[in-house]
Structures are given as structure tokens and as C-alpha cells.
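The structure under discussion appears below in the form of C-alpha cells.
The values are calculated or read from the model by the stated rules, or taken from the named source; none is laboratory data. All values derive from a computational prediction rather than experimental measurement. Heads up, the Cβs are rebuilt from the backbone with ideal geometry, glycines too, and the neighbour counts pull from every protein chain shown.
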Amino acid sequence: MTPLQSRLPHVGTTIFTTMSALAEAHGAVNLGQGFPDFSCDPALRDAVSHAMRAGHNQYAPMPGCAPLREAIAHKFSTLYGHRYDPATEITVTAGATQAILTTLLAVVHPGDEVIVLEPCYDSYLPSIEMAGGVPVRVPLTSGDFRPDFAAIEAALSPKTRALIINTPHNPSGRIWSAAEMRKLGALLHGTDVIVISDEVYEHMVYDGAAHQSVARHNELAERSFAISSFGKTYHVTGWKVGYVAAPAALMAEFRKIHQFNVFSVNTPMQHGLASYMADMRPILELPRFYQAKRDLFRAGLGHTRFKLLPCEGSYFQCVDYSAVSSLNEREFCEWLTRDVGVAAIPLSAFQSGGTEQGIARFCFAKKDATLRAALAKLKQI
């Protein structure tokens with residue numbers, strides 16, 4: 001065979017695939033990969049079935065079905081006070097990961113620098129590389145995972161094209177404050193830096209806090225792509241439907257790429273989602289739903305030797321396991337899966353160079369019975 005030069009020579013199978021396979025092989029409770037083990041609202045399934053029966057089974061318009069884009073625009077306006085034009089400023093995507101890659105392909109030219117705050121979701125760095133960009137890694141502050149604005153400012157250069165932020169944050173579960181968003185806006189004032197805001201856990205914010213979307217802050221909204229996911233919000237990760245909102249000039253460039261790498265997204269699901277979004281209650285009730293799971297899980301972990309780290313949002317709980325083991329993070333998570341029967345993800349999987357902090361990440365988007373089963377095993381350590 002003709003040898004093929006890899007575009008991503010340093011990339012192998014993701015840790016999520018590896019740990020899920022290990023969990024299955026050993027019959028472990030899988031708190032590793034971030035997906036619910038419970039069903040979505042039957043009303044949402046019915047809405048999609050109705051759309052199929054109504055004949056919505058051919059290609060959707062390239063930017064997404066108009067009713068869904070209008071529903072998304074209404075949500076942004078209602079929750080964050082910013083009105084996006086559904087015709088020119090919102091596009092429906094095949095999940096948020098596709099949206100992130102398409103955004104980078106749209107705005108990054110070879111040699112452009114993209115600032116990434118680590119630890120971060122594992123698709124960011126390969127996507128930057130596929131776009132020909134140069135990742136500039138800036139660590140979040142050690143121990144509390146807050147943005148380090150002095151380090152971000154030091155990383156800015158004439159070559160900086162974009163900055164990726166993520167709130168609520170995967171893997172740490174921290175959220176950005178309004179003051180931090182304003183500080184970022186002030187820092188980027190006078191630059192041409194594009195903000196790519198990964199907000200897929202936007203409706204999982206706890207203890208009465210408000211999600212700080214870039215859409216809330218005009219100085220950021222005018223330079224940002226806001227990316228989110230119906231899969232996370234409505235417990236349907238397998239549907240792979242997400243969306244992007246951005247000013248019209250930025251969205252025009254996004255759609256140039258989107259039309260060739262996806263073109264359009266599953267039509268009946270779009271119509272079903274649009275119908276379901278007419279009722280805002282599922283979104284408004286989601287923080288309470290997941291906070292109950294977070295509190296159940298944290299209370300149980302309080303009876304173990306793990307040190308709990310803060311969880312302000314997302315459906316992930318990080319723990320310091322230094323009182324349990326001196327193994328490195330990957331070895332510890334493999335041991336935990338194989339010998340204890342609970343799968344977790346090492347924090348080092350979210351950091352270049354495999355930086356070690358002795359931290360593992362659990363997903364609590366599970367049935368209460370699943371969480372209790374995991375806790376019973378973890379308490380035996």
C-alpha cells in the first residue's frame with residue numbers, strides 16, 4: 001500500500017472510548033463518558049415521530065429548519081437578552097463538536113494562533129491542527145480552574161486569531177462569573193480576536209447562579225460564536241444535534257464551511273425539537289434536576305476518602321484521590337474500573353503533555369440507582 005502521512009500523527013483512540021470499553025469488559029458502573037443512562041421526555045420522542053409522519057423526511061435547509069432557528073433565537077432573547085436573527089445568525093449543526101471544528105475551519109488560516117485554556121475538551125486541539133492553526137495552551141489556575149487573565153494577556157500576539165472558552169467547564173465543573181466575562185471583554189477590546197464559546201452545559205448551573213453566555217455581554221457577543229447542544233440539554237446525546245449563534249458576518253463564513261462538511265442536519269429531529277421548545281419548562285427545570293443528582297453524589301462521596309472539588313455546573317464531579325492512591329491518573333482510573341468497578345476519566349486526558357494533578361472526573365448524569373450503586377463500591381476503598 002502507498003504509505004499515508006497522518007494529519008494527526010499524535011492522536012489515537014480517545015480516553016472515553018478506552019474507558020467505556022474497559023468498563024464494559026469488567027462490568028463496571030460507567031461514570032466515565034458523559035452521557036445519561038436515562039431516557040428523554042416521551043413528549044420529545046413523540047414530537048419527532050409526529051414530524052416523521054407529517055412528511056418532514058427530506059433534506060432540511062442548509063442553515064437549519066426555520067422553526068427551530070426561530071425557537072433558538074427566542075431562547076437566546078428570553079434567557080440572555082440578546083436577539084440573534086434566525087435567518088442570518090443561527091445555524092443548526094450535527095452536534096457541538098462539528099460546530100467547533102466548522103468554526104475553526106471558517107476563521108483560522110494556516111499559521112494563526114488559537115488560545116486554548118487547559119484542561120479542555122479533547123476535540124479542541126485536533127480541530128485547531130486540522131484547520132492549520134497553532135494551539136497556544138494557557139493553563140487555568142492550578143487547584144481552582146479559574147481563568148488566569150495575566151496568562152491569557154501574555155499569550156495574545158499579533159498572530160492570535162481566536163480564543164476558546166468553555167463554561168460550564170468540562171472537566172472541572174466550574175463556571176465563569178459575570179465579572180470574568182467582563183474582564184475578558186475588556187482584555188480583547190481593540191483586538192480582532194474571535195471568541196469561540198463552548199456552552200453545551202449552559203442549562204446545568206447550580207445554587208442559583210446564572211449561566212454567563214457570551215450573548216449576555218455585548219462586547220463579547222459581537223466577536224463570538226456561541227455553541228450549544230440539544231443532546232446535553234434534552235438527554236439525547238445520540239441525536240447529535242447542536243447549534244451556533246454568531247453575528248451575521250461571522251455566520252456567513254461559518255455557513256460556507258458547514259454547507260460542504262455537513263450541509264444539513266436530521267430533518268424530523270429539527271422539527272420535533274422546534275415543537276418541543278415551545279415549552280420552556282424543561283430548560284428552566286434542568287438546573288434543579290441535575291443539582292439533585294449532584295447533591296446526592298457529593299453527599300455519598302463525602303463518606304469516602306476522595307477530596308471533593310467544587311462543582312458549580314455541568315454534570316461532572318472532579319475528585320482529588322491523593323488520599324486513596326499514588327498511581328498516576330490513567331493508572332488510577334484503570335484500577336478503579338477494573339478492581340473497584342467504577343469507571344472514571346483521568347484529568348490528564350484533558351491536558352497536553354499529560355499533566356498530572358491526581359484528579360479523576362466522574363459523570364453524574366445517571367439514574368439515582370446507578371449513582372448509589374457506584375457510591376456503594378467507592379465507599380469500600
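Checking each residue in segment 255-298 for being out of contact with any Cys (no Cβ under 8 Å at 6 or more places or on another chain) and of a type in the set (Val, Ile, Thr) picks out 257, 262, 265, 283. Annotation: residue 323 fulfils all but one of (1) in a loop (DSSP other than H, G, I, E, B); (2) touching a residue at least 24 places away in the same chain (Cβ under 8 Å); (3) farther than 22 Å from residue 25 by Cβ; the unmet one is (2). Considering 51, 106, 60, 66, the condition of being within 26 Å of residue 218 (Cα to Cα), touching a residue at least 60 places away in the same chain (Cβ under 8 Å) and touching a helix residue (DSSP H, G or I) at 6+ places or on another chain (Cβ under 9 Å) is satisfied by 106 alone. The set of residues from segment 310-321 being within 18 Å of residue 360 (Cβ to Cβ) and surrounded by 19 or more Cβ atoms within 10 Å (Cβ to Cβ) comprises 311, 314, 315, 316, 317, 318, 319, 321. The residues of segment 82-103 that are part of a loop (DSSP other than H, G, I, E, B), touching a residue at least 40 places away in the same chain (Cβ under 8 Å) and under 15 Å from residue 224 (Cα atoms), listed by number, are 82, 84, 85, 88, 89.
Among the candidates 148, 198, which residue alone is modelled with pLDDT of 95 or more, in contact with a strand residue (DSSP E or B) (Cβ under 8 Å, 6 or more places away or on another chain) and surrounded by 17 or more Cβ atoms within 10 Å (Cβ to Cβ)?
Answer to the selection: 198.
The set of residues in segment 47-70 being more than 18 Å from residue 236 (Cβ to Cβ), of a type in the set (A, V, I, L, M, F, W, C) and more than 24 Å from the chain's Cα centre (by Cα) consists of 54, 66.
Residues that are on the phi > 0 side of the Ramachandran plot and either within 13 Å of the chain's Cα centre (by Cα) or free of Cβ contacts under 8 Å to residues at least 60 places away in the same chain (or both) within segment 191-248 comprise 208, 240, listed in sequence order. Candidates in segment 322-336 are the residues that are within 24 Å of the chain's Cα centre (by Cα) and surrounded by 20 or more Cβ atoms within 10 Å (Cβ to Cβ); of these, the one that is farthest from residue 374 (Cα to Cα) is 329. In summary, helices (runs of 4 or more DSSP H) completely within segment 124-234 and bearing 1 or more residues that are farther than 21 Å from residue 244 by Cα and in contact with a His (Cβ under 7 Å, 6 or more places away or on another chain) occur at 178-188. Of all the numbered requirements in (1) buried (at least 23 other Cβ atoms within 10 Å of the Cβ); (2) out of contact with any Pro (no Cβ under 7 Å at 6 or more places or on another chain), residue 98 misses one, and that requirement is (1). Of all the criteria given as (1) farther than 23 Å from residue 197 by Cα; (2) surrounded by 13 or more Cβ atoms within 10 Å (Cβ to Cβ), the one not satisfied by residue 303 is (2). Do you know which residues across segment 348-381 are of a type outside the set (Ser, Thr, Tyr), at pLDDT below 95 and in a helix (DSSP H, G or I)? Selection gives 349, 350, 353, 354. One residue stands out among those in segment 273-300 that are assigned to a loop (DSSP other than H, G, I, E, B) and aliphatic (A, V, I, L, M): the one that is surrounded by the most Cβ atoms within 10 Å (Cβ to Cβ), which is 277.
In a helix (DSSP H, G or I) and not assigned by TED's automatic domain parsing to the domain that holds residue 192: does that describe residue 270? Criteria not met by residue 270.
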